[in-house]
Number of protein chains: 2
Amino acid sequence: MLHEDVVGRIRAILLDGEIPPGARIPERELCERLQISRTPLREALKVLAAEGLVQLLPHRGSRAAKLTDKDMRDLFEVCQGLEALAGELACERITDAEIDAIAAVHANMVRHYRERDLIQYYRGNRAIHEAIVAAAGNPVLAGLYTSVTARIRRARYVTPMTPERWAVAVQEHDAILNALQRRDGVGLAHILRAHLRHKREEVLQAGFAETERTDLVPRIA
Amino acid sequence: MLHEDVVGRIRAILLDGEIPPGARIPERELCERLQISRTPLREALKVLAAEGLVQLLPHRGSRAAKLTDKDMRDLFEVCQGLEALAGELACERITDAEIDAIAAVHANMVRHYRERDLIQYYRGNRAIHEAIVAAAGNPVLAGLYTSVTARIRRARYVTPMTPERWAVAVQEHDAILNALQRRDGVGLAHILRAHLRHKREEVLQAGFAETERTDLVPRIA
DNA sequence: ACCGACAATTTTGCATTCAAAAATGTAGAA
DNA sequence: TTCTACATTTTTGAATGCAAAATTGTCGGT
(Lines give C-alpha, C1' and ligand atoms only; values in the text may rest on other atoms or scores of the structure.)
Protein backbone atom coordinates (compact mmCIF):
# COMPACT_ATOMS: atom_id res chain seq x y z
CA MET A 1 0.00 0.00 0.00
CA LEU A 2 1.25 3.46 -0.95
CA HIS A 3 1.97 6.10 1.68
CA GLU A 4 -0.78 8.40 0.47
CA ASP A 5 -3.25 5.54 0.61
CA VAL A 6 -2.37 4.81 4.21
CA VAL A 7 -2.96 8.45 5.07
CA GLY A 8 -6.25 8.35 3.19
CA ARG A 9 -7.47 5.18 4.87
CA ILE A 10 -6.79 6.50 8.34
CA ARG A 11 -8.30 9.85 7.45
CA ALA A 12 -11.46 8.07 6.36
CA ILE A 13 -11.58 6.10 9.59
CA LEU A 14 -11.32 9.33 11.56
CA LEU A 15 -13.83 11.24 9.46
CA ASP A 16 -16.32 8.41 9.64
CA GLY A 17 -16.02 8.71 13.39
CA GLU A 18 -15.04 5.08 13.62
CA ILE A 19 -12.41 6.32 16.02
CA PRO A 20 -14.42 9.03 17.77
CA PRO A 21 -12.91 12.43 18.66
CA GLY A 22 -10.79 12.17 21.75
CA ALA A 23 -10.34 8.41 21.56
CA ARG A 24 -6.90 6.87 21.56
CA ILE A 25 -5.68 5.57 18.24
CA PRO A 26 -4.79 1.91 18.64
CA GLU A 27 -1.54 1.56 16.72
CA ARG A 28 -1.29 -2.18 16.88
CA GLU A 29 -4.89 -2.74 15.78
CA LEU A 30 -4.60 -0.37 12.84
CA CYS A 31 -1.39 -2.09 11.79
CA GLU A 32 -3.15 -5.43 11.62
CA ARG A 33 -6.17 -3.98 9.89
CA LEU A 34 -4.17 -2.17 7.21
CA GLN A 35 -1.61 -4.96 7.03
CA ILE A 36 1.31 -2.63 7.54
CA SER A 37 3.93 -2.24 10.23
CA ARG A 38 4.21 0.59 12.69
CA THR A 39 6.72 2.62 10.70
CA PRO A 40 4.43 3.66 7.82
CA LEU A 41 1.49 3.94 10.21
CA ARG A 42 3.33 6.39 12.39
CA GLU A 43 4.44 8.38 9.36
CA ALA A 44 0.80 8.72 8.40
CA LEU A 45 -0.21 9.75 11.90
CA LYS A 46 2.32 12.57 11.91
CA VAL A 47 0.97 13.82 8.61
CA LEU A 48 -2.57 13.71 9.94
CA ALA A 49 -1.40 15.50 13.07
CA ALA A 50 -0.06 18.29 10.86
CA GLU A 51 -3.48 18.43 9.23
CA GLY A 52 -5.11 18.78 12.61
CA LEU A 53 -7.02 15.50 12.55
CA VAL A 54 -4.77 13.77 15.05
CA GLN A 55 -3.34 14.98 18.29
CA LEU A 56 0.10 13.70 19.23
CA LEU A 57 1.05 13.58 22.88
CA PRO A 58 4.78 12.94 23.37
CA HIS A 59 5.33 9.52 24.89
CA ARG A 60 1.60 9.13 25.26
CA GLY A 61 0.52 8.17 21.81
CA SER A 62 -2.01 9.78 19.53
CA ARG A 63 -5.69 10.59 19.78
CA ALA A 64 -8.37 11.58 17.32
CA ALA A 65 -8.49 15.36 17.60
CA LYS A 66 -11.39 16.89 19.42
CA LEU A 67 -12.83 20.24 18.39
CA THR A 68 -13.72 22.84 20.96
CA ASP A 69 -16.35 25.48 20.30
CA LYS A 70 -13.53 27.88 19.57
CA ASP A 71 -11.95 25.49 17.07
CA MET A 72 -15.29 25.08 15.35
CA ARG A 73 -15.77 28.83 15.18
CA ASP A 74 -12.27 29.38 13.83
CA LEU A 75 -12.62 26.66 11.22
CA PHE A 76 -15.94 27.99 9.99
CA GLU A 77 -14.50 31.49 9.89
CA VAL A 78 -11.63 30.35 7.69
CA CYS A 79 -13.99 28.29 5.60
CA GLN A 80 -16.05 31.39 4.96
CA GLY A 81 -12.98 33.20 3.77
CA LEU A 82 -11.89 30.35 1.51
CA GLU A 83 -15.32 29.87 -0.04
CA ALA A 84 -15.73 33.60 -0.56
CA LEU A 85 -12.39 33.71 -2.35
CA ALA A 86 -13.30 30.63 -4.36
CA GLY A 87 -16.60 32.21 -5.34
CA GLU A 88 -14.94 35.34 -6.64
CA LEU A 89 -12.34 33.43 -8.60
CA ALA A 90 -14.90 30.97 -9.89
CA CYS A 91 -16.99 33.78 -11.37
CA GLU A 92 -13.96 34.90 -13.34
CA ARG A 93 -13.02 31.46 -14.57
CA ILE A 94 -16.00 29.13 -14.63
CA THR A 95 -17.25 27.86 -17.98
CA ASP A 96 -20.87 27.82 -19.10
CA ALA A 97 -20.80 24.03 -19.05
CA GLU A 98 -19.62 23.99 -15.45
CA ILE A 99 -22.38 26.39 -14.47
CA ASP A 100 -24.93 24.17 -16.19
CA ALA A 101 -23.60 21.17 -14.31
CA ILE A 102 -23.94 23.00 -11.01
CA ALA A 103 -27.44 24.14 -11.97
CA ALA A 104 -28.38 20.51 -12.54
CA VAL A 105 -27.07 19.45 -9.16
CA HIS A 106 -28.89 22.40 -7.66
CA ALA A 107 -32.21 21.41 -9.22
CA ASN A 108 -31.75 17.90 -7.95
CA MET A 109 -30.93 19.19 -4.50
CA VAL A 110 -34.09 21.29 -4.44
CA ARG A 111 -36.06 18.19 -5.32
CA HIS A 112 -34.51 16.38 -2.37
CA TYR A 113 -35.44 19.35 -0.22
CA ARG A 114 -39.08 19.08 -1.31
CA GLU A 115 -38.94 15.38 -0.46
CA ARG A 116 -37.32 16.22 2.87
CA ASP A 117 -34.46 13.85 2.13
CA LEU A 118 -31.76 15.41 4.29
CA ILE A 119 -29.03 12.93 3.39
CA GLN A 120 -29.41 13.44 -0.34
CA TYR A 121 -29.89 17.16 0.15
CA TYR A 122 -26.59 17.42 1.99
CA ARG A 123 -24.87 15.34 -0.65
CA GLY A 124 -25.91 17.75 -3.40
CA ASN A 125 -25.20 20.71 -1.18
CA ARG A 126 -21.65 19.59 -0.61
CA ALA A 127 -21.14 18.82 -4.28
CA ILE A 128 -22.11 22.38 -5.16
CA HIS A 129 -19.74 23.97 -2.69
CA GLU A 130 -16.95 21.74 -3.88
CA ALA A 131 -17.70 22.46 -7.52
CA ILE A 132 -17.43 26.18 -6.88
CA VAL A 133 -14.06 25.68 -5.23
CA ALA A 134 -12.92 23.48 -8.09
CA ALA A 135 -14.05 26.11 -10.61
CA ALA A 136 -11.76 28.62 -8.95
CA GLY A 137 -8.94 26.76 -10.67
CA ASN A 138 -6.55 27.16 -7.78
CA PRO A 139 -5.15 23.87 -6.45
CA VAL A 140 -3.60 25.54 -3.42
CA LEU A 141 -6.97 26.94 -2.46
CA ALA A 142 -8.63 23.61 -3.15
CA GLY A 143 -6.13 21.83 -0.93
CA LEU A 144 -6.65 24.16 2.01
CA TYR A 145 -10.40 23.96 1.51
CA THR A 146 -10.28 20.18 1.59
CA SER A 147 -8.34 20.04 4.81
CA VAL A 148 -10.39 22.72 6.56
CA THR A 149 -13.75 21.29 5.50
CA ALA A 150 -12.69 17.78 6.43
CA ARG A 151 -12.44 18.87 10.04
CA ILE A 152 -15.95 20.34 10.14
CA ARG A 153 -17.60 17.92 7.74
CA ARG A 154 -19.55 16.06 10.34
CA ALA A 155 -20.82 19.19 12.02
CA ARG A 156 -21.67 20.77 8.71
CA TYR A 157 -23.34 17.92 6.92
CA VAL A 158 -25.00 15.98 9.69
CA THR A 159 -26.64 18.58 11.87
CA PRO A 160 -30.39 18.42 11.41
CA MET A 161 -32.12 21.66 10.40
CA THR A 162 -35.38 23.23 11.50
CA PRO A 163 -37.91 23.59 8.65
CA GLU A 164 -37.40 27.35 8.76
CA ARG A 165 -33.65 27.16 8.62
CA TRP A 166 -33.77 24.61 5.85
CA ALA A 167 -36.04 26.81 3.77
CA VAL A 168 -33.69 29.75 4.21
CA ALA A 169 -30.72 27.58 3.27
CA VAL A 170 -32.43 26.60 0.03
CA GLN A 171 -33.17 30.25 -0.72
CA GLU A 172 -29.53 31.06 -0.12
CA HIS A 173 -28.58 28.34 -2.56
CA ASP A 174 -30.89 29.85 -5.15
CA ALA A 175 -29.05 33.10 -4.68
CA ILE A 176 -25.71 31.31 -4.94
CA LEU A 177 -26.65 29.75 -8.25
CA ASN A 178 -28.02 33.07 -9.43
CA ALA A 179 -24.84 34.94 -8.63
CA LEU A 180 -22.82 32.27 -10.37
CA GLN A 181 -24.95 32.50 -13.49
CA ARG A 182 -24.58 36.28 -13.49
CA ARG A 183 -20.90 35.75 -12.72
CA ASP A 184 -21.27 38.24 -9.91
CA GLY A 185 -18.15 37.43 -7.93
CA VAL A 186 -18.62 40.00 -5.20
CA GLY A 187 -22.24 39.03 -4.77
CA LEU A 188 -21.42 35.34 -4.69
CA ALA A 189 -18.72 35.87 -2.09
CA HIS A 190 -21.23 37.77 0.01
CA ILE A 191 -23.89 35.11 -0.14
CA LEU A 192 -21.47 32.29 0.52
CA ARG A 193 -20.22 34.03 3.62
CA ALA A 194 -23.70 34.66 4.95
CA HIS A 195 -24.68 31.10 4.11
CA LEU A 196 -21.76 29.68 6.06
CA ARG A 197 -22.19 32.13 8.91
CA HIS A 198 -25.74 30.90 9.34
CA LYS A 199 -24.60 27.31 9.25
CA ARG A 200 -21.95 28.05 11.82
CA GLU A 201 -24.43 29.67 14.18
CA GLU A 202 -26.70 26.70 13.80
CA VAL A 203 -23.93 24.21 14.47
CA LEU A 204 -22.63 26.06 17.51
CA GLN A 205 -26.12 26.50 18.87
CA ALA A 206 -26.71 22.79 18.51
CA GLY A 207 -23.61 22.34 20.67
CA PHE A 208 -21.94 20.15 18.12
CA ALA A 209 -18.47 20.80 19.45
CA GLU A 210 -16.64 17.77 20.62
CA THR A 211 -15.22 18.93 23.92
CA GLU A 212 -15.82 16.69 26.84
CA ARG A 213 -15.43 19.57 29.27
CA THR A 214 -14.17 17.18 31.90
CA ASP A 215 -13.61 20.24 34.04
CA LEU A 216 -17.36 20.68 34.25
CA VAL A 217 -18.08 17.07 35.02
CA PRO A 218 -18.34 16.83 38.81
CA ARG A 219 -16.32 14.15 40.50
CA ILE A 220 -18.23 11.54 42.46
CA ALA A 221 -18.25 12.80 46.03
CA MET B 1 15.44 15.96 19.54
CA LEU B 2 11.64 16.26 19.42
CA HIS B 3 9.69 15.45 16.29
CA GLU B 4 8.48 19.01 15.81
CA ASP B 5 12.03 20.28 16.13
CA VAL B 6 13.22 17.95 13.40
CA VAL B 7 10.47 19.26 11.13
CA GLY B 8 11.42 22.81 12.04
CA ARG B 9 15.11 22.31 11.40
CA ILE B 10 14.54 20.83 7.97
CA ARG B 11 11.98 23.49 7.16
CA ALA B 12 14.55 26.13 8.01
CA ILE B 13 17.14 24.45 5.81
CA LEU B 14 14.70 24.47 2.91
CA LEU B 15 13.49 28.03 3.44
CA ASP B 16 17.04 29.30 3.71
CA GLY B 17 17.60 27.76 0.32
CA GLU B 18 20.46 25.71 1.69
CA ILE B 19 18.90 22.88 -0.25
CA PRO B 20 17.78 24.80 -3.32
CA PRO B 21 14.40 24.16 -4.99
CA GLY B 22 14.54 21.08 -7.12
CA ALA B 23 17.61 19.63 -5.45
CA ARG B 24 17.59 16.13 -4.03
CA ILE B 25 17.40 15.90 -0.28
CA PRO B 26 20.36 13.85 0.93
CA GLU B 27 18.87 11.60 3.60
CA ARG B 28 22.11 10.20 4.89
CA GLU B 29 23.76 13.61 5.18
CA LEU B 30 20.84 15.15 7.01
CA CYS B 31 20.79 12.20 9.39
CA GLU B 32 24.40 12.82 10.34
CA ARG B 33 23.92 16.55 10.60
CA LEU B 34 20.85 16.32 12.80
CA GLN B 35 22.22 13.30 14.66
CA ILE B 36 19.12 11.24 14.06
CA SER B 37 18.38 8.06 12.16
CA ARG B 38 16.40 7.74 8.99
CA THR B 39 13.09 6.91 10.66
CA PRO B 40 12.39 10.30 12.29
CA LEU B 41 13.93 12.08 9.31
CA ARG B 42 11.58 10.39 6.92
CA GLU B 43 8.61 11.14 9.18
CA ALA B 44 9.55 14.80 9.02
CA LEU B 45 9.94 14.70 5.24
CA LYS B 46 6.42 13.32 4.84
CA VAL B 47 5.04 16.10 6.98
CA LEU B 48 6.91 18.69 4.93
CA ALA B 49 5.65 17.04 1.77
CA ALA B 50 2.10 17.50 3.04
CA GLU B 51 2.95 21.17 3.61
CA GLY B 52 4.15 21.46 0.05
CA LEU B 53 7.78 22.18 0.83
CA VAL B 54 9.02 18.77 -0.20
CA GLN B 55 8.19 16.66 -3.21
CA LEU B 56 8.15 12.91 -2.70
CA LEU B 57 8.78 10.68 -5.67
CA PRO B 58 7.95 7.03 -4.95
CA HIS B 59 11.14 4.97 -4.93
CA ARG B 60 13.05 8.01 -6.07
CA GLY B 61 13.49 9.94 -2.89
CA SER B 62 12.53 13.47 -2.06
CA ARG B 63 13.37 16.84 -3.50
CA ALA B 64 12.97 20.41 -2.34
CA ALA B 65 9.77 21.56 -4.01
CA LYS B 66 10.05 23.89 -6.93
CA LEU B 67 7.42 26.54 -7.60
CA THR B 68 6.15 27.14 -11.08
CA ASP B 69 4.69 30.48 -12.15
CA LYS B 70 1.26 28.96 -11.66
CA ASP B 71 2.11 27.79 -8.15
CA MET B 72 3.37 31.25 -7.30
CA ARG B 73 0.21 32.85 -8.68
CA ASP B 74 -2.02 30.42 -6.78
CA LEU B 75 -0.15 30.90 -3.53
CA PHE B 76 -0.30 34.68 -3.77
CA GLU B 77 -3.98 34.47 -4.62
CA VAL B 78 -4.69 32.43 -1.51
CA CYS B 79 -2.45 34.66 0.53
CA GLN B 80 -4.53 37.63 -0.58
CA GLY B 81 -7.65 35.89 0.60
CA LEU B 82 -6.16 34.96 3.94
CA GLU B 83 -4.76 38.41 4.63
CA ALA B 84 -8.02 40.06 3.61
CA LEU B 85 -9.91 37.83 6.00
CA ALA B 86 -7.34 38.46 8.72
CA GLY B 87 -7.66 42.21 8.15
CA GLU B 88 -11.42 42.13 8.57
CA LEU B 89 -11.26 40.02 11.69
CA ALA B 90 -8.41 42.05 13.11
CA CYS B 91 -10.43 45.24 12.85
CA GLU B 92 -13.11 43.65 14.96
CA ARG B 93 -10.77 42.28 17.59
CA ILE B 94 -7.55 44.26 17.75
CA THR B 95 -6.80 46.24 20.90
CA ASP B 96 -5.59 49.83 20.98
CA ALA B 97 -2.29 48.65 22.38
CA GLU B 98 -1.79 46.25 19.49
CA ILE B 99 -2.55 49.03 17.02
CA ASP B 100 -0.02 51.26 18.72
CA ALA B 101 2.58 48.51 18.51
CA ILE B 102 1.93 48.11 14.79
CA ALA B 103 2.08 51.88 14.34
CA ALA B 104 5.51 51.87 15.96
CA VAL B 105 6.79 49.13 13.67
CA HIS B 106 5.30 51.05 10.76
CA ALA B 107 7.10 54.27 11.69
CA ASN B 108 10.32 52.35 11.97
CA MET B 109 9.76 50.73 8.63
CA VAL B 110 9.17 54.10 6.99
CA ARG B 111 12.46 55.26 8.44
CA HIS B 112 14.19 52.27 6.87
CA TYR B 113 12.49 53.16 3.61
CA ARG B 114 13.90 56.68 3.74
CA GLU B 115 17.32 55.17 4.41
CA ARG B 116 16.77 52.75 1.54
CA ASP B 117 17.54 49.79 3.81
CA LEU B 118 15.63 47.08 1.98
CA ILE B 119 16.52 44.29 4.40
CA GLN B 120 15.26 46.17 7.44
CA TYR B 121 12.30 47.48 5.49
CA TYR B 122 11.22 43.96 4.60
CA ARG B 123 11.70 42.83 8.17
CA GLY B 124 9.29 45.46 9.47
CA ASN B 125 6.97 44.87 6.55
CA ARG B 126 6.68 41.21 7.35
CA ALA B 127 6.22 41.91 11.05
CA ILE B 128 3.25 44.14 10.26
CA HIS B 129 1.53 41.57 8.07
CA GLU B 130 2.08 38.91 10.68
CA ALA B 131 0.82 41.15 13.47
CA ILE B 132 -2.41 41.74 11.58
CA VAL B 133 -2.89 38.01 11.14
CA ALA B 134 -2.15 37.45 14.81
CA ALA B 135 -4.64 40.16 15.77
CA ALA B 136 -7.35 38.24 13.95
CA GLY B 137 -7.27 35.86 16.89
CA ASN B 138 -7.85 32.78 14.77
CA PRO B 139 -5.16 30.09 15.17
CA VAL B 140 -6.49 28.09 12.24
CA LEU B 141 -6.13 31.11 10.00
CA ALA B 142 -2.71 31.86 11.44
CA GLY B 143 -1.59 28.30 10.75
CA LEU B 144 -2.67 28.35 7.13
CA TYR B 145 -1.11 31.78 6.71
CA THR B 146 2.19 30.54 8.07
CA SER B 147 2.34 27.58 5.74
CA VAL B 148 1.27 29.52 2.66
CA THR B 149 3.60 32.44 3.29
CA ALA B 150 6.49 30.13 4.03
CA ARG B 151 6.36 28.90 0.48
CA ILE B 152 6.49 32.37 -1.05
CA ARG B 153 8.67 34.01 1.57
CA ARG B 154 11.77 34.21 -0.54
CA ALA B 155 9.95 35.61 -3.53
CA ARG B 156 8.05 38.06 -1.40
CA TYR B 157 10.75 39.38 0.84
CA VAL B 158 13.83 39.27 -1.34
CA THR B 159 12.74 40.68 -4.67
CA PRO B 160 14.26 44.10 -5.15
CA MET B 161 11.83 46.96 -5.89
CA THR B 162 12.04 49.85 -8.28
CA PRO B 163 11.99 53.22 -6.51
CA GLU B 164 8.50 53.85 -7.90
CA ARG B 165 7.14 50.54 -6.75
CA TRP B 166 8.74 50.94 -3.36
CA ALA B 167 7.18 54.36 -2.90
CA VAL B 168 3.77 52.97 -3.79
CA ALA B 169 4.23 50.08 -1.39
CA VAL B 170 4.96 52.51 1.43
CA GLN B 171 1.86 54.51 0.57
CA GLU B 172 -0.15 51.32 0.64
CA HIS B 173 1.24 50.59 4.09
CA ASP B 174 0.17 54.05 5.22
CA ALA B 175 -3.31 53.18 4.06
CA ILE B 176 -3.14 49.81 5.81
CA LEU B 177 -2.24 51.43 9.12
CA ASN B 178 -4.90 54.04 8.59
CA ALA B 179 -7.61 51.48 7.96
CA LEU B 180 -6.51 49.58 11.05
CA GLN B 181 -6.67 52.68 13.20
CA ARG B 182 -10.12 53.45 11.87
CA ARG B 183 -10.96 49.79 12.33
CA ASP B 184 -12.29 49.78 8.80
CA GLY B 185 -12.30 46.06 8.13
CA VAL B 186 -13.68 46.20 4.60
CA GLY B 187 -11.27 48.95 3.66
CA LEU B 188 -8.33 47.12 5.18
CA ALA B 189 -9.21 43.94 3.34
CA HIS B 190 -9.33 45.92 0.12
CA ILE B 191 -5.97 47.55 0.57
CA LEU B 192 -4.28 44.34 1.67
CA ARG B 193 -5.53 42.59 -1.43
CA ALA B 194 -4.36 45.34 -3.75
CA HIS B 195 -1.04 45.47 -1.92
CA LEU B 196 -0.47 41.76 -2.38
CA ARG B 197 -1.72 41.80 -5.94
CA HIS B 198 0.90 44.39 -6.78
CA LYS B 199 3.57 42.37 -5.05
CA ARG B 200 2.52 39.30 -6.97
CA GLU B 201 2.68 41.08 -10.29
CA GLU B 202 6.10 42.35 -9.42
CA VAL B 203 7.36 38.93 -8.40
CA LEU B 204 6.00 37.20 -11.46
CA GLN B 205 7.35 39.90 -13.72
CA ALA B 206 10.76 39.45 -12.16
CA GLY B 207 10.47 35.79 -13.14
CA PHE B 208 11.08 34.64 -9.63
CA ALA B 209 9.45 31.28 -10.19
CA GLU B 210 11.70 28.36 -9.63
CA THR B 211 10.95 26.28 -12.68
CA GLU B 212 13.92 25.11 -14.60
CA ARG B 213 11.93 24.89 -17.79
CA THR B 214 14.24 22.21 -19.07
CA ASP B 215 11.89 21.92 -21.99
CA LEU B 216 12.93 25.39 -23.10
CA VAL B 217 16.62 24.82 -22.68
CA PRO B 218 17.93 23.83 -26.10
CA ARG B 219 20.06 20.75 -26.29
CA ILE B 220 23.58 21.19 -27.58
CA ALA B 221 23.33 20.47 -31.32
C1' DA C 1 33.71 5.04 -31.13
C1' DC C 2 28.79 4.45 -29.78
C1' DC C 3 24.75 2.15 -28.25
C1' DG C 4 22.28 -1.20 -25.60
C1' DA C 5 22.11 -5.18 -22.36
C1' DC C 6 23.54 -6.94 -18.14
C1' DA C 7 25.80 -6.82 -13.54
C1' DA C 8 27.19 -4.20 -9.38
C1' DT C 9 26.02 -0.64 -6.35
C1' DT C 10 23.25 2.49 -4.10
C1' DT C 11 18.96 4.02 -2.34
C1' DT C 12 14.44 3.49 -0.95
C1' DG C 13 10.59 1.68 1.85
C1' DC C 14 9.27 -1.17 5.39
C1' DA C 15 9.62 -4.77 9.11
C1' DT C 16 11.86 -5.79 13.05
C1' DT C 17 14.30 -4.88 17.18
C1' DC C 18 15.71 -2.36 21.27
C1' DA C 19 15.92 1.09 24.91
C1' DA C 20 13.33 4.45 27.42
C1' DA C 21 9.13 6.13 29.19
C1' DA C 22 4.51 5.61 30.85
C1' DA C 23 0.82 2.82 32.63
C1' DT C 24 -0.56 -0.83 35.42
C1' DG C 25 -0.50 -4.01 39.10
C1' DT C 26 1.05 -5.57 43.73
C1' DA C 27 2.45 -5.58 48.27
C1' DG C 28 3.27 -3.51 52.59
C1' DA C 29 2.50 0.27 56.07
C1' DA C 30 -0.62 3.26 58.42
C1' DT D 1 -9.32 -0.57 54.29
C1' DT D 2 -6.58 3.09 51.86
C1' DC D 3 -2.48 5.11 50.45
C1' DT D 4 2.10 4.89 48.81
C1' DA D 5 6.38 2.74 47.15
C1' DC D 6 8.06 -0.50 44.16
C1' DA D 7 8.08 -4.11 40.53
C1' DT D 8 5.96 -5.62 36.19
C1' DT D 9 3.96 -4.93 31.90
C1' DT D 10 2.79 -2.27 28.05
C1' DT D 11 3.59 1.28 24.86
C1' DT D 12 6.19 4.59 22.68
C1' DG D 13 10.02 6.44 19.86
C1' DA D 14 13.98 5.52 17.31
C1' DA D 15 17.93 2.55 15.29
C1' DT D 16 18.99 -1.21 12.63
C1' DG D 17 18.43 -4.72 9.17
C1' DC D 18 16.53 -6.51 4.94
C1' DA D 19 14.23 -7.02 0.47
C1' DA D 20 12.83 -4.50 -3.60
C1' DA D 21 13.54 -0.90 -6.69
C1' DA D 22 16.27 2.36 -9.07
C1' DT D 23 20.72 4.07 -10.41
C1' DT D 24 25.26 3.56 -11.95
C1' DG D 25 28.98 1.24 -14.15
C1' DT D 26 30.86 -2.21 -17.37
C1' DC D 27 31.23 -4.95 -21.23
C1' DG D 28 30.27 -6.76 -25.74
C1' DG D 29 28.16 -5.96 -30.31
C1' DT D 30 27.75 -3.06 -34.13
Quiz item: Among A:7, A:56, A:31, which residue has its Cα positioned farthest towards the positive end of the charge dipole of the stretch A:3-64, with +1 placed on the Cβ of Lys and Arg, -1 on the Cβ of Asp and Glu, and the dipole taken about the Cα centre?
Solution: A:56
Self-check item: Size of electric dipole in the stretch B:33-80: Cβ of Lys, Arg +1 and of Asp, Glu -1, about Cα centre, debye, nearest 20
Solution: 380
Practice problem: Could you bin all the Cα-Cα distances of the protein assembly as shown into 10 Å bins starting at 0 and give me the percent of pairs in each, rounded to whole numbers? | Solution: 4, 18, 27, 27, 18, 6, 1, 0, 0
Exercise. Tally up the carbon and sulfur contribution to the accessible surface of the protein assembly as shown as a whole percent, 1.4 Å probe, everything protein left in place.
Key: 52
Quiz item: At 222 nm, what helix-only mean residue ellipticity would the protein assembly as shown give, in deg cm²/dmol to the nearest 500, using -39500 (n - 2.57) for each DSSP H run of four or more?
Solution: -24000 deg cm²/dmol
Quiz prompt | Per-residue SASA entry for residue B:200, accessible area with 1.4 Å probe, Å² rounded to 10 | solution = 40
Exercise. With only Lys, Arg, Asp and Glu charged, each at its Cβ (+1 for the first two, -1 for the last two), find how big the charge dipole of the stretch A:3-139 is about the Cα centre; round to the nearest 20 debye.
Key: 740
Practice problem: Any chance you could check the stretch B:137-164 for residues losing 30 Å² or more of accessible area when the partner protein chains are in, compared with the chain on its own (1.4 Å probe)? | Solution: B:138, B:140, B:144
Quiz item: Relative contact order, percent, of the stretch B:3-64 when contacts are C-alpha pairs under 8 Å separated by at least 6 residues?
Solution: 40
Quiz item: What does the accessible area of residue B:201 come to, in Å² to the nearest 10, when a probe of 1.4 Å is used?
Solution: 90
Quiz item: At a 1.4 Å probe, which residues in the stretch B:1-16 are at least 10 Å² less accessible with all protein chains present than in their chain isolated?
Solution: B:2, B:3
Quiz prompt | Three-way shape call for the stretch A:138-212 based on the alpha-carbon gyration tensor, with the a/c threshold at 1.5 | solution = oblate
Quiz item: Any idea of the total accessible area buried by the B-A contact, 1.4 Å probe, rounded to 100 Å²?
Solution: 2300
Self-check item: Accessible area of chain A divided out per residue, in Å², using a probe of 1.4 angstrom
Solution: 50
Quiz item: With heavy atoms of protein chains only and a 1.4 Å probe, what residues of the stretch A:72-89 have at least 30 Å² less accessible area in the full set of chains than alone?
Solution: A:74, A:77, A:78, A:85, A:88
Exercise. Please state the charge dipole magnitude for the stretch A:3-64, taken about the Cα centre, from unit charges on C-beta atoms (+1 on K and R, -1 on D and E), reported in debye and rounded to the nearest 20.
Key: 280
Self-check item: For the stretch B:112-181 and the stretch B:67-96, distance of Cα centres in Å
Solution: 11
Quiz item: Which distances in nm, rounded to one decimal and ordered from shortest, link the label point of residue B:13 to the equivalent label points in the other identical copies, with labels set 7 Å from Cα toward Cβ?
Solution: 3.1
Quiz item: Which pairs break 18 Å Cα to Cα here: B:46/B:66; B:46/B:70; A:46/A:66; A:70/A:199; A:46/B:46?
Solution: B:46/B:70
Practice problem: Can you bin the stretch B:69-205 into rounded, prolate or oblate? Criterion: square roots of the alpha carbon gyration tensor eigenvalues sorted a ≥ b ≥ c, rounded for a/c under 1.5, prolate for a/b above b/c, oblate for the rest. | Solution: oblate
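The values are calculated or read from the model by the stated rules, or taken from the named source; none is laboratory data. Computed from a predicted structure; not experimentally measured. Glycine also receives a Cβ, built like all others from the backbone with ideal geometry; neighbour counts cover every protein chain displayed. For accessibility, only protein heavy atoms count, side chains too; no ligands or nucleic acids. Shrake-Rupley method; radii C 1.70, N 1.55, O 1.52, S 1.80 Å.
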